[in-house]
Amino acid sequence: MREINASIPFDKRLWKQDIAGSKAHVTMLAIQGIVSGEDAQAITEGLSRIAAEYERDGVPVNMDLEDIHMVTESRLAELIGPAAGRLHTARSRNDQVATDFRLWVRDAIDEVDAGLKALQQALIARASEHVDAVMPGFTHLQSAQPVTLGHHLMAYVEMLKRDRSRFADARARMNRNPLGSAALAGTGFPIDRHHTAQALGFDGPTDNSLDSVSDRDFALDYLMAATQCSLHLSRLAEEFVIWASQPFGFVKLPDAYSTGSSIMPQKRNPDAAELVRGHAGRIMGCMTALCVTMKGLPLAYSKDMQDDKPPVFEAHDLLGLSIAAMTGMVETVTFRTDRMRALAESGYATATDLADWLVREGDIPFRDAHHITGRAVKLAEERGVPLSDLPLTDLQAIDARITNGVYAVLTVDASVASRRSHGGTAPDQVRARIAQAQAELEAE
């Protein structure tokens, strides 16, 4: 029972939040005249001493004391005597842990947001370097249309922008104080929950004591946002894995974020990227674990909810590592833009430009233009040449409406330059999006 019941091996991570909550609580109790000012001062000073001990030596793991709350309260009693027993007036471990955990998740969101902002800044910096660098754009991992590397990297800035907004929404939604809800029904003591809410940086107290102690939506919100964020990181990591392979050769990974083989000295394995990709599955598993834990619990608190913290802690650690690894790779990777351009020019990526030219210049319905372009691509494949190398006579044999002006759109540079619609890959559009993203980050 001691082994299954104790949570101190993992909830010791809440010690800073537990002490902060206790200090706010006892200060409020003194203001309300529920405990004496003398006892409140002794408790506050004792908690500060304990915080210094934890900071210096770590939290002692005493399985008999079960959790961080009782470990701290026991140590407080050793330091200041019977006055320590007054700290728990008008609260329960149910609202205490709900408060501590909210404070921890709030801090975790702030850490993640700072990391994601740094990754955005790294992507923007590299995109700025490669606004004009042409690369193949893919659908189904097949060459589709040419884009620029700057445009490609800025796509991930948009993904991270949405991730940050989800974490911000979660933070705003959970920023209510459950402290003072006690076990489940509130308390008969004349406490001031607005005071503790303000002291702890909450927007106000929660409004239903039953919901306050049984709610773990804030943890699920965090895990769901973390899951979506990890999926985006995994997609970027996968692209680095593919791009680093010899058939692609789009990037050269830095030594700091790759490893060698134990028997093949030529290998440069993208281990950091592969681990980020793998972490996404584990983070998703953490989210699923807490969903299943919470799915059928009656109000209010059940001991199952003690298992809420390990998946959140694990997901947070994995997400932080993934963000740091991807930021480091983005900052230090070498992009082989010559290789990107060569493949963009070899995959008939300007076929859509030919079809669009036929629509604009020949007043041909797009479906007909698509068919004509398909015949031109087939001919170029048979000859082993790019579309731009087909003689005009051969193109006119396919459709007499084709003129010499078509060659102006059959280069990859002309293709990307023509995509000037808002959010398109044209370099002037990419520069505009980079300036917009930089302004948004600077305005935060």
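The values are calculated or read from the model by the stated rules, or taken from the named source; none is laboratory data. Source: prediction; values computed, not measured. Glycine gets a Cβ as well: all are built from the backbone with ideal geometry, and neighbour counts include every protein chain shown. For the accessible areas, the whole protein counts, side chains as well, though only heavy atoms, and no ligand, DNA or RNA atoms are used. Shrake-Rupley method; radii C 1.70, N 1.55, O 1.52, S 1.80 Å.
Miscellaneous remarks
- Count - residues of region 1-24 that are without any contact (Cβ under 8 Å) to a residue 60 or more places away in the chain and not in a helix (DSSP H, G or I): 1
- Number of the condition not met by Leu236 [criteria: (1) assigned to a helix (DSSP H, G or I); (2) among the hydrophobic types (A, V, I, L, M, F, W, C); (3) open to solvent by 40 Å² or more (accessible area, probe 1.4 Å)]: (3)
- Condition check for Ala408: assigned to a helix (DSSP H, G or I), in the same structural domain as Asp363 (by the TED database), open to solvent by 30 Å² or more (accessible area, probe 1.4 Å) and at pLDDT below 95: yes
- Among (1) among the small types (Gly, Ala, Ser); (2) in contact with a helix residue (DSSP H, G or I) (Cβ under 7 Å, 6 or more places away or on another chain); (3) within 30 Å of Gln228 (Cβ to Cβ), the one test that Gly285 misses: (2)
- Qualifying residue in region 50-65 (condition: out of contact with any helix residue (DSSP H, G or I) (no Cβ under 6 Å at 6 or more places or on another chain), of a type in the set (A, V, I, L, M) and free of Cβ contacts under 8 Å to residues at least 12 places away in the same chain): yes
- Number of positions in region 302-329 that are among the acidic types (Asp, Glu) and open to solvent by less than 50 Å² (accessible area, probe 1.4 Å): 1
- The lone exception for Ala256 - which of (1) assigned to a loop (DSSP other than H, G, I, E, B); (2) more than 30 Å from Val213 (Cα to Cα) it fails: (1)
- Only residues that are under 34 Å from the mean Cα position of the chain (by Cα), under 18 Å from Leu179 (Cα atoms) and not charged (D, E, K, R) were counted across region 17-51, and they come to 7.
- Number of positions in region 119-139 that are under 12 Å from Val430 (Cα atoms) and modelled with pLDDT under 95: 0
- Single residue of region 13-44 satisfying the filter (under 27 Å from Pro205 (Cβ atoms) and of a type in the set (D, E, K, R)) that is least open to solvent (accessible area, probe 1.4 Å): Asp18
- Gly180 meets the conditions (1) without any contact (Cβ under 8 Å) to a residue 24 or more places away in the chain; (2) more than 32 Å from the chain's Cα centre (by Cα) in every case but one. The failed one is (1).
- Cross-chain or 6+ apart pairs with Cβ under 6 Å, region 150-177 first and in the same structural domain as Lys117 (by the TED database) and open to solvent by less than 50 Å² (accessible area, probe 1.4 Å), then acidic (Asp, Glu) and not in a helix (DSSP H, G or I): Asn175/Asp203
- Options Glu129, Glu55; residue that is in the same structural domain as Arg2 (by the TED database) and open to solvent by 10 Å² or more (accessible area, probe 1.4 Å): Glu55
- Arg433 basic (Lys, Arg), outside the structural domain of Val147 (by the TED database) and open to solvent by 70 Å² or more (accessible area, probe 1.4 Å): no
- Pairs linking a residue in region 371-398 that is over 12 Å from Ser346 (Cβ atoms) and not assigned by the TED database to the domain that holds Ala351 to a residue that is open to solvent by less than 30 Å² (accessible area, probe 1.4 Å) and assigned to a helix (DSSP H, G or I), with Cβ atoms under 7 Å and 6 or more positions apart or on different chains, do not occur.
- Among all positions in region 378-390, there is at least one residue which is crowded, with 16+ Cβ neighbours inside 10 Å, in contact with a helix residue (DSSP H, G or I) (Cβ under 8 Å, 6 or more places away or on another chain) and not in a helix (DSSP H, G or I).
- Top-ranked residue of region 330-376 - restricted to ones that are among the acidic types (Asp, Glu) and part of a helix (DSSP H, G or I), ranked as surrounded by the fewest Cβ atoms within 10 Å (Cβ to Cβ): Asp338
- Flag for Arg431 being in contact with a helix residue (DSSP H, G or I) (Cβ under 7 Å, 6 or more places away or on another chain) and among the charged types (D, E, K, R): no
- Only a single criterion out of (1) open to solvent by 30 Å² or more (accessible area, probe 1.4 Å); (2) touching a strand residue (DSSP E or B) at 6+ places or on another chain (Cβ under 6 Å) is not satisfied by His422, namely (2).
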